[in-house]
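Any read-out appearing in this document is the output of simple, stated calculations on the displayed coordinates, not a laboratory observation. Worth saying up front: this structure is predicted, and the values here are computed from it rather than measured. Cβ: placed from backbone, ideal geometry, glycine included. Neighbour counts: every protein chain shown.
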Amino acid sequence: MRRRSRVAKKPLAPSKARGAMGRTAHRISSVRLHWAGPVANTGGNTNYNSMQLSVEQRMRYGLNVLFNYTWSRALNDMPWNQAATSIGGGNSFVYPITMANFKALDYGPADFNHPNVTALSYVYTIPKFLNSAPGPVRYVLNDWGTSGIFQYRSGDPLTVWSSQSNNSGSGQNRDRAVWSGATPYGGTPCTTSVNCRNWLNPASFSVNPAGTFGNVVKGSFAGPHYVDWDGSLTRKFPITEGRYLSFEADYFNLLNHTNLGDPGTTLGSSFGKITSTSPQNLAGTAPQNDPRIAQLSLKLVF
């Protein structure tokens, strides 16, 4: 006799019956399936809203200016630092996906959210003047020009993590810290002022108790903003018609401004401290923020 499976609402004791050939047949009263493999959720939603302003002053009185400003907000419900095309360790949500509203702590500012972004570029050729002045004076004061680009953007979104990443017992090692609601910035995490800047306040955060996941929502805080101004000064020295010497002085980080990196965001000895600078010109592979750099050049144009 072939085996048959029947699912009942209440488990029944197994019974035996004699078949036509005298074989014993077992009736299975209930079936339970258990899955021990990995379970993942890679679905997500992102929304981006912005107001964009662009102003351009084309060549007038020797001046050309282009100004751009973006005020925006990017939100998503993806885990912080998640790989979009693969599943790996440290990529999960804080709550297990079996919990209701498991994305609650992971809906917030996206990793690339910068509410304010400004860029200003300019080229200015100083008009000739002092036409009635002696020739040597006009030779020295005329034929100057300048150009440059100014950049500003808001800081990176920050998420504060617990130093006990599995106090919840979920095994995902993604537990967040507990924020008391007090001022998140400031405090005295640095024990020295040498190569250290206070940013996040350790007194406002604590380790999540056992059996809990913490309460910090992704991207709730922000790191230092970024500012950079690169400029150049040029001068033409006429020699003959169609020939001149061109002198150029280029300055990078003209204001000699230090752009700070992000602070430590995991509770512990490094939490809240800024001990590095951000990459130059927002490029992640570039060297750390350089001081003012000057570059001088002289060339003959003919």
Length released on extending from Ile293 to Ile126, taking residue separation times 0.36 nm less the Cα-Cα span
57.7 nm
Please give me the summed charge of the neighbours of Phe213: other residues whose Cβ is under 15 Å from its Cβ, Lys and Arg +1, Asp and Glu -1.
+2
For Leu75 and Asn166 in one chain, what is 0.36 nm times their gap in residues minus the Cα-Cα distance, to one decimal in nm?
30.1 nm
Need the C-alpha centroid separation for the range 188-255 versus the range 108-129, integer Å.
15 Å
Pseudo-spin-label distance Asn49 to Thr191, built 7 Å along Cα→Cβ, given in nm, is 4.6 nm
Taking K and R as +1 and D and E as -1, what net charge do the other residues with C-beta under 13 Å from the C-beta of Asp262 add up to?
0
How would you rank Asp175, Asp143, going from fewest to most other Cβ atoms within 10 Å of each one's own Cβ?
Asp143, Asp175
Out of Asn167, Ser147, Tyr69 - ranked by how far each Cα lies towards the positive end of the dipole of the range 54-185, with unit charges on the beta-carbon of charged residues - the top one is Ser147
